[in-house]
Amino acid sequence: MRAAFAHSYGAPSVITLATDVPMPIPGPEQLLIRVHSTTVNPADCKQRSGNLKLVMKHSFPLAFGQDFAGIVESAPPTSQFKRGDEVYGCTAPRNGCGAEYVAVYEREVVRKPVTLAWDVAAATPTAACTAYRGVVTVGKATEGMRVLVHGASGGVGSAMVQIARRGCGCTVWGTSGPTNRQYVESIGVVAVLDHSQPLASALATAANTPADIHFDLILDAVGGDDLYAASLPFLAKGGRYVSAVGPVRHGGSDRITVGTLLYSAYTLVPRLLFSRRYLLFLSFDVADLGVAELRELITSRELEVRVDPERFELATFANAHAKCETHHSCGRIVVRVTAEEAAWNSPVLAEVLRGTAPM
Ligand SMILES: NC(=O)c1ccc[n+]([C@@H]2O[C@H](COP(=O)([O-])OP(=O)(O)OC[C@H]3O[C@@H](n4cnc5c(N)ncnc54)[C@H](OP(=O)(O)O)[C@@H]3O)[C@@H](O)[C@H]2O)c1
């Protein structure tokens, strides 16, 4: 089968396409998935470049792709899935979905709603599960809360906006670049702040009253100690600052080193001790895809992860990484793995999208 690999850390050009990779042999508890699409997440780029090697162990050749959408090729007899089922899910942190077939554990897989196009399904797991953890499990968002989302146009940030607004009934403000303003408004952000402006002045310009810029929950999909410091004055006492990234910003080529970890501790600890606000860090769990509340938002398309319009395939995996590293893609970067497009166009999906079949 064909699969994307890297044999060393480095720039996107270290990624090569192998065409003679043996098919994965699923373990007794594993399903074999024929992959339709996978994604490139910022985490993939951080792993490929070696920026995470202090905190994550990798072996070479390095496999890529943590999200997948595809069809069950085989399943253990005890599985709730059977050959031919349309599914999606996530294999992080072991990855391997940048290949025509991947072996996955049952807990990493859920049934793909027929309302979800293949590429959107692949784009969904990491972004939606991280956002759900951030907004609901860790952020404890409830109706009427005032929420600020940093990075509201990105994969994780836009999912946070939609869950906070449509799932929890919060009032949501968000930061983005000027080209994404319209998109961010369309998903429910009532005040869009240009992230190139200093936060305090952007907030002051957008506010009608001082209460407008007093947030119960700040969700951070951008990261950086400076952003945390700039945001703190606008977080209510007892409020939560929930970060998907931590003190090292995602929009740079920052490597996690002993020095950055020590600096983070040095700057964060005093603020944590004296601010009377919570600072919480996220990690996601793909099992959340099966949680009824999140599943309903995805199935009804009230939560829809945007897919970058540029098309990538296994042969152009390196270009997909290069685009992700710009940190200004227009949605999640999806890599189409299958070559046989016609076989994947489900007639059921076409009918549902036309409104002629029940959801
Ligand atoms: N903790 C976890 O479990 C977890 C899980 C998933 C992701 N993450 C991390 O979360 C971060 C975001 O991930 P993602 O998938 O959402 O990335 P993404 O989709 O690649 O994010 C791209 C977005 O970031 C925005 N952006 C770039 N610089 C910005 C800035 N200075 N201020 C505000 N927005 C800025 C861009 O906005 P414009 O184009 O509008 O400028 C773009 O829309 C990454 O660092 C990722 O590694 C963590």
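The values are calculated or read from the model by the stated rules, or taken from the named source; none is laboratory data. Computed from a predicted structure; not experimentally measured. Positions of Cβ are generated from backbone atoms using ideal geometry, with glycine treated the same way; all protein chains shown enter the neighbour counts. In case anyone asks, the SASA skips ligands and DNA or RNA and just uses the protein heavy atoms, side chains included. Shrake-Rupley method; radii C 1.70, N 1.55, O 1.52, S 1.80 Å.
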Take the alpha carbon gyration tensor of segment 127-281, find the square roots of its eigenvalues, order them as a ≥ b ≥ c, and report rounded if a/c is under 1.5; if not, report prolate when a/b exceeds b/c, else oblate. rounded
Relative to the Cα centre, what is the charge dipole magnitude of segment 127-281, using +1 at the beta carbon of each Lys and Arg, -1 at the beta carbon of each Asp and Glu, and rounding to the nearest 20 debye? 360
Would you mind listing how long segment 61-101 runs along its three principal axes, going by Cα atoms, in whole Å with the largest first? 31, 16, 15
Give the relative contact order (percent, whole number) for segment 163-217; include only Cα pairs under 8 Å separated by 6+ residues. 26
Ratio of the Cα radius of gyration of segment 1-156 to 2.2 N^0.38 Å, where N counts its residues: 1.12
Mean residue ellipticity (222 nm) of the chain, computed from DSSP H runs ≥ 4 via -39,500 (n - 2.57), nearest 500: -7500 deg cm²/dmol
Given H placed 1.01 Å from N in the peptide plane, which residues other than close sequence neighbours of I15 have an amide H under 5 Å from its amide H? none
By how many nm would the segment from H58 to S196 lengthen if fully extended, with 0.36 nm per residue of separation less the alpha-carbon distance? 46.2 nm
For the chain, the per residue accessible area (1.4 Å probe, Å²) is 44
Which residues' amide hydrogens lie under 5 Å from the amide hydrogen of H195, considering only partners 5 or more residues apart or on another chain, with H built in the peptide plane? S176, G177
Within the chain, what percent of beta bridges assigned by DSSP are antiparallel, to the nearest 5? 55
The chain - percent relative contact order, Cα under 8 Å, separation 6 or more: 20
Principal axis box of the chain, alpha-carbon based, largest edge first, Å: 58, 52, 38
Classify segment 194-271 as rounded, prolate or oblate from the Cα gyration tensor: take a ≥ b ≥ c as the square roots of its eigenvalues, call it rounded if a/c is under 1.5, otherwise prolate when a/b beats b/c and oblate if not. prolate
